[in-house]
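Have a look at the structure below, then the notes.
Since every read-out is calculated from the coordinates, none of them should be taken as a lab result. Predicted model, so just to flag it, every value in this text is computed and none were measured. FYI the Cβ positions are ideal-geometry reconstructions off the backbone, even for glycines, and counts take in every protein chain you see.
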Amino acid sequence: MTGHLFDDKLLPILNEYPLPVQCPTTGKRTVIRFNSPRRSTIAQAFVCAAALLVCTPIATAQSNADLPRSTINAISIGSTQHTQINEFIQAWSERALSDKAQDTKRAIDALTKPLTGGGASVAFRQSYSISLTPLLDELKNKGTIGATIASLKIAGDLATSPSATRVRNAMKHEDLGVQLFAVSRAGQIFTTTIAYGPAMTANDTNALINAIDKLASDESINPELFRTCVRALSTATMLSSKDMGNERSHAIIALSQAIGSRLRGLNVSDDPSYTQGIALEAAGAMTASIADISSSTTSEAAKEAIGLSGDIISITLRRLLGKTLNPVDRRDLAVRSVQAGENLLYFALKKDAELNGSGLGTINPTKFADQLTEGDDRKFRNGASSLFGDGSKLCRRFKFVNGRFVR
């Protein structure tokens, strides 16, 4: 971990900006404020990120420091448009590299505005990305957390192959705050790709998913970093099947494995609320992805989703068998997570049947959440044990190892 990011003169400026954090699945928003110059490195990094992310009117001194909408929307970039792009970047580069936080913020806002106003074409993003490379390299070479955050802010909105590489490399940064912001920008890359089409290759998309998966697989990972990884992967599960169907399924697999291993590692005496809460978000995203009739999902992704549904449901089953499950009036999270697991199971089984040409009529939704709500624990125990126990039809069909769900 590094030391303080800003001196006491800069912090009062940055502290004016709260950090809005929004879950991509639930839409819930939380505002984080940091008012003390003695906060942790992570807090200060997020203050910097907030200062760069907040959209405010830009006071542009030069009238030529605006890109024409026709250039931003162009399906191909000619020499005249390329000149416009270079002049625009040059007009803001000095401020972007300034040691004054307000100047840097203004420049980054200006440089990302063409990417966030809607309609930025793939051709424009790719050309813009190439022209921005020297500036982004200079920001990185400054070696400060603030400059690194600034470069990642732009990279996330570009969503091109070079920017994906830049974000992926930043995930290995020694500073946890930078890692958090890098993973969140990976999520933005997926969001931009979903909204405006891919400006990066399938290989770069898979590499980005793999980098997030590698972080999430570390058992010693910071809890907030793990949550950010899950949210980024959840966003990737909605990549377009038309352009990135295999990558969409890859994200489902990575997300299933990251969450599933955490759930399976819980003992009946452990407090499962943190992991169940994250699993609840992930299951919702995966269900939406798999249930989308216009999407495609691979057989392997469907299997992993089924396995995760069993992991989600079985932690509550194991706690019931171990006599550590809360009474009916205090099991809201358990009920909601089981319900999310049931929904995922139903749609993943339907997708598997569709892919394998077997009958869809034999797939019926379970009622485990209703049973837990009503306090009918015996019916839940018997039904879940029968479905997920060793040697069950489901476990044999998908070759799940003995003891994965019931032990």
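Observations on the structure shown:
- Of the peptides 91-102, 391-402, 122-133, the order by per-residue mean of other Cβ atoms within 10 Å, starting with the highest, comes out as 122-133, 91-102, 391-402.
- Rounded FRET efficiency, nearest 0.05, which uses the C-beta distance separating Thr201 from Lys142 and R0 of 22 Å: 0.15
- Test item: Cα-centred dipole of the stretch 317-371, Lys/Arg +1 and Asp/Glu -1 on Cβ, debye: 280 debye
- Proximal charge balance of Met238 [Cβ under 13 Å; K/R count +1, D/E count -1]: 0
- A viscosity of 1.002 mPa s and a temperature of 20 °C, combined with the Kirkwood radius over C-alpha pairs in the Stokes-Einstein formula, give the stretch 170-305 a diffusion coefficient of 143 µm²/s.
- Rg of the Cα atoms in the stretch 237-407, relative to 2.2 N^0.38 Å, amounts to 0.99.
- Two-site FRET efficiency, Ser273 against Ser217, from Cβ-Cβ distance with R₀ of 22 Å, rounded to 0.05: 0.50
- Only lysines eight or more places from Lys172 in sequence, or on another chain, were considered; those with a Cα closer than 18 Å are Lys140, Lys142, Lys153, Lys214.
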